[in-house]
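Chemist: Structure below; questions to follow.
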Amino acid sequence: MAAKLEVLICTFGEDGLDRVAAMGLPRVDGVGYLVSWQKGSRGVSVARPQGLMRDDVKVYVSPTVGLSRNRNAALSHATGDICLVADDDLRYTAAGLRAVMDAFDRRPGMDVAAFMYRSEGDAKAYPRQECDLTRRIPKGWFLTSFELAFRRCSIGSLRWNELLGIGAPVLSAGEEELLLWQMRQRGLRCRFIPETIAVHDGPTTGFRRVAEPSVLMSKGAVWRVTHPYTAPLRILLNAWRERRAGRMSFAHALRHVAAGYAYAMRNLDSQGNPCVTT
């Protein structure tokens, strides 16, 4: 029988399954784990660790490159009523996973939920209370991928944009923001739920790479789709704020964010989907 909640864990590399096993996934009634593993092109044969030899854990090999492609591969194999996005460096508790199921049980009209995680390495700001994300995103808050859960039947054919995210050709971030925008554009009912569901040791990738050109380009690309009329002004204001905060020079921020905007004009349509070339 399909799990009520399915945790979609993406991993990569020869030691990917070992990292998943080290997560110490708790056994919880109604919860299953699906591991999508990009083991690379070397064709090595790796035995499943003993910690994953369980009836509540499924492992699939994904012959792809890039995190968004890996997430889409996991979603293509998912069977759970509710899907929770996960990485291979998180720690879950039974209480945290039950909180996800309870949140959807108490809100039968909710399609998408964003939760919280705890980390000593991140200084992430959250809304003070539960709120509706469908119409408005709270100021200062952004979505981290592994905070996201959704009813599988609600999202239909919607998938992660494979031109964005770690391992993508040009844009190495922004996939979460774009996906949430697309969910809202489709009329899905989205809420922020102030429940901590996972622990992440150390800072997440997003906090470590803010000045990288591919991350800055991603910002410009996403704004081109989500704020088509105000994106040029946002690009200038962002460069000024980055310089004022001492994180980078005005020219560095402006050059790369604007390059991402130009990339999106060539490669993404108005709904944030890859352009179809003939």
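The values are calculated or read from the model by the stated rules, or taken from the named source; none is laboratory data. Only a predicted model underlies this, so the values are computations on that prediction, with no experimental measurement involved. Neighbour counts run over all protein chains shown; Cβ positions are idealised from the backbone, glycine included. Side chains are part of the model used for accessible areas, which takes the heavy atoms of the whole protein and leaves out ligands, DNA and RNA. Shrake-Rupley method; radii C 1.70, N 1.55, O 1.52, S 1.80 Å.
Chemist: Please calculate how many Å² of accessible area region 18-84 carries per residue, with a 1.4 Å probe and no DNA, RNA or ligand atoms counted.
Modeler: Working: 3250 Å² over 67 residues.
That works out to 49 Å² for each residue.
Chemist: Placing +1 on the Cβ of each Lys and Arg and -1 on the Cβ of each Asp and Glu in the chain, which of MET248, THR144, GLY167 has its Cα farthest towards the positive end of the resulting dipole?
Modeler: Going by the charge dipole, the pick is MET248.
Chemist: Another question, if that's okay. Which angle between 0 and 90 degrees, to the nearest 10, do you get for helix 67-77 versus the longest principal axis of the chain when only C-alpha atoms count?
Modeler: 40
Chemist: Also, quick follow-up: Counting only protein heavy atoms, what percent of the accessible surface of the chain is carbon or sulfur at a 1.4 Å probe?
Modeler: Values: 7240 of 13820 Å².
Carbon and sulfur together cover 52 percent of it.
Chemist: When ligands, DNA and RNA are left out and all protein chains stay put, how many square angstrom of accessible area per residue does region 180-241 have with a 1.4 Å probe? Working shown, then result.
Modeler: Details: 3030 Å² over 62 residues.
About 49 Å² of surface per residue is accessible.
Chemist: Which of the listed residues, PHE192, TRP223, CYS153, is farthest toward the dipole's positive end in the chain, when Lys, Arg count +1 and Asp, Glu count -1 at the beta-carbon?
Modeler: TRP223
Chemist: Mind running the shape call on region 54-164? Use the C-alpha gyration tensor, a ≥ b ≥ c as the square roots of the eigenvalues: rounded below 1.5 for a/c, prolate if a/b tops b/c, oblate otherwise. Could the numbers behind the result be given before it?
Modeler: Details: a/c = 1.38, a/b = 1.32, b/c = 1.04.
The shape class here is rounded.
Chemist: Also: With angles folded into 0 to 90 degrees, how steeply does helix 213-226 sit against the dominant principal axis of the chain? Use alpha carbons for both and round to 10.
Modeler: Roughly 80 degrees, rounded to the nearest 10.
Chemist: Follow-up question, since we're still on this one. So which of LYS4/LYS219; LYS58/LYS219; LYS4/LYS124 end up more than 31 Å apart, counting from Cα to Cα?
Modeler: On the way: LYS4/LYS219 35 Å; LYS58/LYS219 35 Å; LYS4/LYS124 29 Å.
Cα-Cα > 31 Å for LYS4/LYS219; LYS58/LYS219; rest within.
Chemist: Using the Cα centre of region 182-278 as the reference point, and only Cβ charges (+1 on K/R, -1 on D/E), how large is the resulting charge dipole? Debye, rounded to the nearest 20. Show your work: numbers first, answer last.
Modeler: Values: 15 positive and 5 negative charges, 54 e Å.
In debye, rounded to 20, region 182-278 gives about 260.
Chemist: How far apart, in nanometres, would the label points at ARG128 and LEU158 be if each is projected 7 angstrom from Cα along the Cα-to-Cβ direction?
Modeler: Taking the two extended label points, one gets 2.9 nm.
Chemist: Next question, about the same structure. Given q = 0.11, 0.14, 0.17 Å⁻¹, what are the Debye log10 I(q)/I(0) values for the chain, with equal point scatterers placed on the Cα positions and solvent ignored?
Modeler: So the normalised log intensities are -0.64, -1.05, -1.49.
Chemist: Net charge near PRO228, counting Lys/Arg +1 and Asp/Glu -1 over other residues with Cβ under 14 Å of its Cβ?
Modeler: On the way: positive: ARG224, ARG234; negative: ASP269.
Around PRO228, the charge tally is +1.
Chemist: Any chance you could list P(r) for region 170-231, counting all Cα-Cα pairs in 10 angstrom bins from zero, rounded to whole %?
Modeler: 18, 38, 36, 8
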